[in-house]
Amino acid sequence: MKPRTTEILVGLFVLLGMAALLFLALKAANLASFSTEATYALNARFDNIGGLKVRAPVRSAGVTVGRVTGITLDPKTYQGVVAMEIRAGFQFPKDSSAKILTSGLLGDQYIGLEPGADDANFAAGATITQTQSALVLENLIGQLIFNKAAEAGDAGARK
């Protein structure tokens, strides 16, 4: 091969590698979906949102049906208000519930929607009332230690 052809092939290989790294970075940051599909807004109130972030997926039965578009704090109730955009092709009954769940070893959090059995569906801008907050590992460890200390105290008092 001529040196010029080799340089062109190396350049193409480098560009291909850069494109692959860009794709991987977008996937890792949940920015790889540039969908222009129609959506509708839903809101949900949680006592604790844990590490949930904007652009986190909203899933139902493991299928991504939307994205988190905003997270705010209600100044009256001190609850986290999560705004979501759900793809218009997915309609959920009014008695559906939302949970903040964790996926993978890195602990990425997402919202899981569990459909209810109501005949009427959520309207755009509706608020999901049945929610379950994120499990915070530090709180669980604290409760375990507190319970073990209480058991040890009870055992010592009985002797």
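Heavy-atom accessible surface of the chain, averaged per residue, reaches 69 Å², computed with a 1.4 Å probe.
From most to least packed by mean Cβ count within 10 Å, the peptides 91-98, 47-54, 19-26 give 91-98, 47-54, 19-26. Quotient of the Cα radius of gyration of the chain and 2.2 N^0.38 Å, N being its number of residues: 1.54.
Considering only DSSP beta bridges where both residues belong to the chain, give the percentage that are antiparallel (nearest 5). If I count the DSSP bridges inside the chain, around 75 percent turn out antiparallel.
Would you mind telling me the share, in percent, of accessible area of region 1-103 contributed by carbon and sulfur at probe 1.4 angstrom? After summing per-atom areas, the C and S share lands at 65 percent. Lysine pairs in the chain whose alpha-carbon atoms fall under 26 angstrom of each other, counting only those eight or more residues apart or on distinct chains, come to 8. May I ask you to derive the FRET efficiency for GLU138 and LEU26 from their Cβ-Cβ distance with R0 = 25 Å, giving the value to the nearest 0.05? The pair GLU138/LEU26 has a calculated efficiency of 0.20. In degrees from 0 to 90, rounded to the nearest 10, what is the angle of the helix 3-28 Cα long axis to the longest principal axis of the chain? Approximately 20 degrees, to the nearest ten. The simple spin-label model puts a point 7 Å past each Cα toward its Cβ; for THR129 and ALA83 those points are separated by 2.3 nm. Classify region 43-109 as rounded, prolate or oblate from the Cα gyration tensor: take a ≥ b ≥ c as the square roots of its eigenvalues, call it rounded if a/c is under 1.5, otherwise prolate when a/b beats b/c and oblate if not. Oblate, because a/c is 1.5 or more while a/b does not exceed b/c. The residue among PHE46, ASN147, LEU106 whose Cα reaches farthest toward the positive pole of the charge dipole of the chain, with charges on the beta-carbon of Lys, Arg, Asp and Glu, is LEU106.
Calculated FRET efficiency, THR72 to ASN121, Cβ-Cβ distance, R0 = 25 Å: about 0.50 to the nearest 0.05.
The values are calculated or read from the model by the stated rules, or taken from the named source; none is laboratory data. Note that this is a predicted model, so its numbers are computed, not measured. Positions of Cβ are backbone-derived with ideal geometry, glycine not excepted, and every protein chain shown enters the neighbour counts. In case anyone asks, the SASA skips ligands and DNA or RNA and just uses the protein heavy atoms, side chains included. Shrake-Rupley method; radii C 1.70, N 1.55, O 1.52, S 1.80 Å.
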